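Working notes, beginning with the structure itself.
Derivation of every value follows stated rules applied to the coordinates shown; laboratory data play no part. Predicted, not measured: the structure shown is a model, and the values here were computed from it. Glycine gets a Cβ as well: all are built from the backbone with ideal geometry, and neighbour counts include every protein chain shown.
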Amino acid sequence: MINLANISKGKWIVTSAWPYVNATPHLGNLIGSTLSADVFARFLRMKGEEVVFVSGSDSHGTPISVEAKRLKVPAEDLAFKYHKIIKDLHEKWQISFDNYTITHNPTHIEYVKNMYLDIQKNGYISEKEIESLYCENDNLFLPDRFVEGTCPHCKDDGARGDQCDKCQKILTPVELIRPRCAICENTPVIRKTKHWYLDLPKLQDRLNKLIDENEIIPTNARQMCLNSIAEGLPERAITRDLEWGIPAPFEGAENKTIYVWFEAVLGYITAVKEWADKLINKSDKFDYFWKDPNTKTVYFIGKDNIIFHLIVFPGLLMAYNEDKKGSDKLVLPYNVSSTEFLMYENEKFSKSRGIGIWIDDALKLAPLDYWRFSLIFNRPETSDTSFLWSEFENNIKTLNDNIGNFIHRTLTFIEKQFNSKVPEKIEYDEIDKKFIEKVNNISPDVGESLLNFKLRKAIRDIVNFGKEGNIFLNEKAPWHLIKKDKKAAGHVFNICAQAVYALAILLSPFIPETSEKILSYLNAPKLTESSWDSINENFIKAGQSIKKPIPLFQKLEIEEIKKEYKELKEKKPKEGEKELISYDDFQKLDIRVALVEKVEKIPKADKLYKLTVSLGTEKRTIVAGLAEYYKADELAGKKITILANLEPRKLRGILSEGMLLAADYEDTVSILVPDKDIPAGANVK
RNA sequence: AGCGGGGUGGGCUAGCCUGGUUUAUGCCGCAGGGCUCAUAACCCUGAGAUCGUUCGUUCAAAUCGAACCCCCGCUACCA
């Protein structure tokens, strides 16, 4: 546990996972990375710590180059266009980045190249001329998984280029007996190609130590990493035969780029550099943060990124640091706060299926602070958590009825009964003392939770504090006191005003807009001039005038919002609308009725059936992903429709000679069957 | 199939690392009561859980260990 008292003023680099430039983030992306990081960064700033908070768009992925080709525009233009959209969205969510950049920037590209040259100089990059399989038909080097063949160990014919599923042995593609291209089934030829590898095995003991000794890494991350280190880390290729990306700086690697994952993580370094050089024009601030061994670097990510942040990234830092003097070393990670996943009503967020809420739509449905509050309130810290509309409604009810109501009843009472001036305090009685103690202790308590990355506990403690305020008011019943003893009633509201101030400060990392509002009602200094530690029983002075308050929150009409959400979603599919095709195009499809003769479950594949179907004159084998939706005997004997002239493709070692047609909507999958009895082989048009 | 996470009252959830201080926490919902300053908000009381199952360790297990069942995710794969 980290105790507040032990923390002196320090330097922090706070970062969050880099959103892919080609997709609008959804609520799950946001809560795992940027929003959590923002709360943490805002808290540290309130504590008076020195903080630089950076992230950016990950621009060098394949999807963007594919789309750019399709639209016939430069990948760069497309990346910047999307980057701007994502950047604006994060501003709308009030994510307080010091620098939100993009990996396609000169600072990053230069730094990455130099860093890899240093890593190479330090002996952590091996160059391997490997014999790789090249498909002359498809004109490309085949990645491991695109090669199939016979396993040299167990002689199973379904082995893939990286592993044999049957005997679980790790393979390389050239080991395979009788290899074939998974795309076209042709036999590939062996060609020599060079790749550059990061020597993780050489680093694994040090990495193990780093992770093992760090007590605050969440258990999900720690388990996963220690486990994979124990299994032995492989050397990993850092170059790819792709065009879009950062050119590999190694001699002889002219046509290769650095694999996105191996450069995006370095953005944490370069984004700070860019910030120092270009945004604040103090280049020395880069070393000041990154090269001080006492700087604490914190990475907020979803669990899918754990390995790259706790193994690859620190590995790169260690390799780079090797020949550097103490004052020139980049600091190793202090913590990686990895969340589990956010689900949407118990389902996975899915762009293609339209399941979930995206961060642009969310803001059309409810005010920003409602989302920020609710997402943190249900942050998936220890297990996957669902976004449920009912919980959202519930959370906002809590925010409104506890915190909002306590603040409002305090402020309106002062406004109406004390002419908008905070009244004087008199002697504390026992009830007062109990509550005052809570006021004095709340900021260290919440601060400790935050420093231990327990954001969810922190916000829940604040809600609880609001409830205590309401209990205090009810116990004291100043609305009775005021009839006999106005001073006694005023005393109560002096104390409550302190609590209202406390709430404004406590809520500031979570819902900054609301915090500002509360401070303005109290005529207290703005957030930028306030401090986390300013909360105490005497901060708000008697006699200070306040403004007439307007309720901070409203309850949600959840049914209305759900309706709007549905409307938004129905408009959406435009993006995915398919272009018009000609009748000729359609004619290319050979769709036919087929009779299912035999249905077999494919071993080691949860979703697949092997169907033997008859097209009247010929028999075909078709692999279909229906096992979750149909029982084998429900399919046997049925007439179905298939696309008969689809390129054959191997699935789980079985050649599928066509595609079964089925309608798919949310959870329902329905095979398409002819309405009347019609012979197998009949054409569909 | 491999890896990771999880199963706690009707719903959501805390506690689990560091066994006893919990008659298992809190919120919503439900039943009853109180208050009327406040956005019908607030406060109090009550009902409701053999803490997935079984075995084991222990004076003591929701908490530690084993096995099993189920759920979720990642990877494979879903033509």
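Could you tell me whether segment A:225-290 comes out rounded, prolate or oblate from its Cα gyration tensor? Rule is a ≥ b ≥ c as square roots of the eigenvalues, rounded for a/c under 1.5, then prolate if a/b exceeds b/c, otherwise oblate.
The shape class here is oblate.
Once you place label points 7 Å from the Cα toward the Cβ at A:ALA23 and A:GLU529, how far apart are they in nm?
Simple spin-label model gives 4.5 nm for this pair.
Taking the Cα-to-Cβ direction at A:LYS348 and at A:GLN417 and moving 7 Å from each Cα, how far apart do the two end points lie in nm?
5.7
R0 = 41 Å: FRET efficiency of A:LEU661 with A:LYS72, Cβ-based, nearest 0.05?
Efficiency computed from Cβ-Cβ geometry: 0.80.
Kindly identify segment A:310-434 as rounded, prolate or oblate by the Cα gyration tensor criterion: order the square roots of the eigenvalues as a ≥ b ≥ c, call it rounded if a/c is under 1.5, otherwise compare a/b with b/c, prolate if a/b is larger, else oblate.
Oblate is the answer for segment A:310-434, as a/c is 1.5 or above yet b/c matches or exceeds a/b.
Among A:LYS421/A:LYS483; A:LYS517/A:LYS541; A:LYS121/A:LYS329; A:LYS128/A:LYS325, which pairs are too far apart, with a Cα-Cα distance over 21 Å?
A:LYS128/A:LYS325
Which distance in Å, rounded to a whole number, links the C-alpha centroids of segment A:506-551 and segment A:11-61?
When both Cα centres are located, 26 Å separates them.
Counting DSSP beta bridges in chain A, what percent are antiparallel, to the nearest 5?
So the antiparallel bridges amount to about 70 percent of the total.
On full extension of the chain, what length is gained from A:LYS397 through A:GLU131, given 0.36 nm per residue of separation minus the C-alpha to C-alpha distance? List each step's numbers first, then the result.
Working: separation 266, 0.36 × 266 = 95.76 nm, distance 6.32 nm.
Fully extending the segment from A:LYS397 to A:GLU131 adds 89.4 nm.
According to a simple spin-label model (label point 7 Å from Cα along Cα-to-Cβ), what is the distance in nm between A:LYS487 and A:LEU363?
5.2
Over its Cα atoms, what ratio of radius of gyration to 2.2 N^0.38 Å does chain A give?
1.16
Under a straight-distance cross-link criterion of Cα-Cα below 18 Å, which aspartates and glutamates are reachable from A:LYS639, leaving out those fewer than 8 residues away in the same chain?
Counting by Cα, and skipping residues close in sequence, A:LYS639 has these aspartates and glutamates nearby: A:ASP590, A:GLU597, A:GLU600, A:GLU618, A:GLU657, A:ASP675, A:ASP677.
Less than 25 Å apart at the alpha-carbon level, and either on another chain or at least 8 residues along: which lysines does that give for A:LYS562?
Filter leaves A:LYS92, A:LYS348, A:LYS351, A:LYS364, A:LYS397, A:LYS571, A:LYS572, A:LYS574.
Mind checking which aspartates and glutamates have their C-alpha under 16 Å from A:LYS454, skipping anything on the same chain fewer than 8 residues away?
A:LYS454 reaches A:ASP38, A:GLU215, A:GLU340, A:GLU381, A:ASP384, A:ASP445.
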